[in-house]
Amino acid sequence: MKQFAVIGCGRFGSSVARTLYGLGFDVLAIDSNEDTIQNIADSVTHAVQADATEENSIKSLGMGNFDVAIITIGSNIQSSIMATLIAKELGVKYVVAKAQNELHAKVLYKIGADRIVFPERDMGVRLAHNLVSSNILDYIELAPDYSIVEIASLTEWEGSSLRDLNMRAKYGINVMAIKRGTEINISPSALDSVKKGDVLVVIGHNDDIQKIEKK
């Protein structure tokens, strides 16, 4: 199972951390503000108050063992750059960093960030997908070709098991979770069925996801 570290737990960072934890992943949340850490402590695997620009502090948390670090420090560009640099130097395999503007993004790329996110722009992408398809409820681009989406169950899926639907063969997508009201079924089995009102969290190639959007 992948391990994620979220550094900076403001509105955007805490949303990312809670979503990843809800999907069943191990999540370490790091923030310099004690109140922020207390607020998110029950929604992640571990929550630690620490200064992400202090290499020894971050190193002591075993940062080098994490698969992905997500740097979402807000207004302090210098802290964002330092945290990104430290995460890369400690051996984090994949570093995602939030940027305020194009210049900030260029610096982050130059020091080794693997992916840059612009929260407002990314929200625009999600909104566009929501507008063109009533089925797509949320949209997260993982890479240029692959995304995770929350998709409302189609009428034709209702009452069928995942085995019968055979979504990998039929649609080219994999079901990661089924959300039913406030309940989330992480890694559902082939025998789990889809019911009316369910929301499926799926991962797949953008071309395959677009085929479902058009239904």
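Look at residue 42 and say whether it is in contact with a Ser or Thr (Cβ under 7 Å, 6 or more places away or on another chain), over 23 Å from residue 119 (Cβ atoms) and of a type in the set (D, E, K, R).
Answer is no for this residue.
Filter region 90-122 down to the residues that are within 14 Å of the chain's Cα centre (by Cα) and aliphatic (A, V, I, L, M), then identify the one that is nearest to residue 56 (Cα to Cα).
95
Which residues, taken from region 166-191, are touching a Leu at 6+ places or on another chain (Cβ under 6 Å) and surrounded by fewer than 17 Cβ atoms within 10 Å (Cβ to Cβ)?
Selection gives 190 alone.
Residues in region 182-212 that are in a loop (DSSP other than H, G, I, E, B), in contact with a helix residue (DSSP H, G or I) (Cβ under 9 Å, 6 or more places away or on another chain) and of a type in the set (Gly, Ala, Ser): how many?
The number of residues fulfilling the criteria is 2.
For the structure I just gave you, tell me whether residue 135 is more than 29 Å from residue 94 (Cα to Cα), at pLDDT below 85, touching a strand residue (DSSP E or B) at 6+ places or on another chain (Cβ under 7 Å) and not assigned by the TED database to the domain that holds residue 94.
yes
Within region 59-71, does at least one residue satisfy the condition of being modelled with pLDDT of 90 or more, of a type in the set (Ser, Thr, Tyr) and either touching a strand residue (DSSP E or B) at 6+ places or on another chain (Cβ under 6 Å) or closer than 26 Å to residue 24 by Cβ (or both)?
Among the residues of region 59-71, not one is modelled with pLDDT of 90 or more, of a type in the set (Ser, Thr, Tyr) and either touching a strand residue (DSSP E or B) at 6+ places or on another chain (Cβ under 6 Å) or closer than 26 Å to residue 24 by Cβ (or both), which makes the answer no.
Kindly provide the set of residues from region 158-181 that are in contact with a helix residue (DSSP H, G or I) (Cβ under 9 Å, 6 or more places away or on another chain) and hydrophobic (A, V, I, L, M, F, W, C), ordered by number.
165, 167, 173, 175, 177, 178
Got a sec? Which of 31, 51, 35 is over 23 Å from residue 182 (Cβ atoms), loosely packed, with under 14 Cβ neighbours inside 10 Å and among the charged types (D, E, K, R)?
When all the criteria are applied, what remains is 35.
Within region 31-58, can you find the residues that are of a type in the set (A, V, I, L, M, F, W, C) and part of a helix (DSSP H, G or I)?
Once the filter is applied, which keeps residues that are of a type in the set (A, V, I, L, M, F, W, C) and part of a helix (DSSP H, G or I), region 31-58 yields 37, 40, 41, 58.
Residue 195 - would you say it is in contact with a Lys or Arg (Cβ under 8 Å, 6 or more places away or on another chain) and either at pLDDT below 85 or not small (Gly, Ala, Ser) (or both)?
So residue 195 passes the test.
If you scan region 172-215, which residues turn out to be under 19 Å from residue 2 (Cα atoms) and of a type in the set (A, V, I, L, M)?
175, 176, 177, 184, 186, 201, 202, 203
Hey, among the residues in region 1-13 that are surrounded by fewer than 21 Cβ atoms within 10 Å (Cβ to Cβ) and of a type outside the set (Phe, Trp, Tyr), which one's modelled with the highest pLDDT?
Ranking the candidates gives 3 first.
Residues in region 95-112 that are over 16 Å from residue 7 (Cβ atoms) and either assigned to a helix (DSSP H, G or I) or charged (D, E, K, R) (or both): how many?
Of the residues in region 95-112, 7 are over 16 Å from residue 7 (Cβ atoms) and either assigned to a helix (DSSP H, G or I) or charged (D, E, K, R) (or both).
For a quick check of your reading of the model, give me the residue pairs whose first member lies in region 192-211 and is surrounded by fewer than 18 Cβ atoms within 10 Å (Cβ to Cβ), whose second is aliphatic (A, V, I, L, M) and assigned to a loop (DSSP other than H, G, I, E, B), with beta-carbon atoms closer than 8 Å and at least 6 apart or on different chains.
From region 192-211, the pairs are 203/142.
The values are calculated or read from the model by the stated rules, or taken from the named source; none is laboratory data. Predicted model, so just to flag it, every value in this text is computed and none were measured. Neighbour counts run over all protein chains shown; Cβ positions are idealised from the backbone, glycine included.
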